[in-house]
Amino acid sequence: ENKKSSAERPKKVPITVLFRHADKVTLASLFLGLLGSIVAGAVLPGINFVFGDIIDAIASPILSKELVNRAVYSMLALGGIGFVSFFTSSFFCGLAASRIANGFRIE
């Protein structure tokens, strides 16, 4: 038969087993990474709104320098926030994953 016997199948475990080697530093870095991911996810739709403001300011019959400048500064601010949040997300989630994986290697 092609079916594996119950002795050959891997044992099912809950997802919380992944975090048994996580200490306070690891959980804090995972929290910071997830917070960075949330902010990074909110930045992308914000860029669309600001880009719409830039298009509206340029396409208006009376070209207002203040509207264009405000929209450009908003886009620069969102770009900076996006850079920091993507970096935070990648760094801290990677740090937490490597610390947890190290715990499994030592085990």
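The values are calculated or read from the model by the stated rules, or taken from the named source; none is laboratory data. On a predicted model such as this, the values are computed, not experimentally measured, just so you know. Heads up, the Cβs are rebuilt from the backbone with ideal geometry, glycines too, and the neighbour counts pull from every protein chain shown. SASA here: full protein model, heavy atoms, side chains in, ligands and nucleic acids out. Shrake-Rupley method; radii C 1.70, N 1.55, O 1.52, S 1.80 Å.
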Problem - Members of segment 16-55 found to be touching a Lys or Arg at 6+ places or on another chain (Cβ under 8 Å), open to solvent by less than 30 Å² (accessible area, probe 1.4 Å) and either aromatic (Phe, Trp, Tyr) or part of a helix (DSSP H, G or I) (or both), listed by number - result: Thr26, Ser29
Completion exercise
Within segment 56-84, of all residues that are over 20 Å from the mean Cα position of the chain (by Cα) and either of a type in the set (Phe, Trp, Tyr) or under 30 Å from Leu32 (Cα atoms) (or both), the one surrounded by the most Cβ atoms within 10 Å (Cβ to Cβ) is Ala71
Exercise for the section: Could you give me the residue pairs with C-beta distances under 7 Å whose first residue belongs to segment 61-72 and is of a type in the set (A, V, I, L, M, F, W, C), whose second residue is part of a helix (DSSP H, G or I) and open to solvent by less than 60 Å² (accessible area, probe 1.4 Å) wherever it lies, and which are 6+ apart or on separate chains? Expected result: Leu67/Ala57; Val68/Ile54; Val68/Ala57; Ala71/Val50; Ala71/Ile54; Ala71/Ala57; Val72/Ile54
Practice task
Collect the residues in segment 85-107 that are surrounded by fewer than 14 Cβ atoms within 10 Å (Cβ to Cβ) and of a type outside the set (Gly, Ala, Ser), keeping them in residue-number order.
Solution key: Phe87, Asn102, Phe104, Arg105, Ile106, Glu107
